[in-house]
């Protein structure tokens, strides 16, 4: 077996809140890259966002982080995994 380390890469990400302003701003951010994203409807008006990813359409729920990858792709990430994988970069 060979061991590998993930290359350090700086990504853009926003955490999806449980409010309409968060949903609207994240959908607008995603659509700037010409990627399809739309609000999920359910019993909760802020049920999340559907995002077209490389693996198909995925649901991002409130609390999830939306990540823009190195090739401009978007995908949701659960908060605990996000914090295990990424650390904030000081500009």
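Just so it is clear, none of the values below were taken in a lab; they were calculated from the coordinates. Note that the structure is a prediction, hence the values are computed from the model and not measured. FYI the Cβ positions are ideal-geometry reconstructions off the backbone, even for glycines, and counts take in every protein chain you see.
Quick rundown of the values:
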read-out: Packing-based exposure ordering (other Cβ within 10 Å, fewest first) of 35, 23; value: 35, 23
read-out: Gain on full stretching of the segment that runs from residue 47 to residue 80 - 0.36 nm per residue minus C-alpha separation; value: 10.0 nm
read-out: In nm, spacing of pseudo-spin labels at residue 39 and residue 24 (7 Å Cα→C-beta vector); value: 0.8
read-out: Taking 55, 91 and counting other C-beta atoms within 10 Å, the order from fewest to most; value: 91, 55
read-out: Tilt relative to the chain, helix 20-31 - C-alpha long axis, 0 to 90 degrees, to 10; value: 60
read-out: Among [x] 44, 26, 25; [y] 66, 24, 14; [z] 47, 32, 24, the entry derived from the coordinates for Cα extents along the principal axes in Å; value: [z]
read-out: Fewest-first ranking of 52, 78, 6, using other Cβ atoms within 10 Å as the exposure measure; value: 6, 78, 52
read-out: Expected 222 nm ellipticity per residue - DSSP helices of 4 or more, -39500 (n - 2.57), all of the chain, to 500; value: -6000 deg cm²/dmol
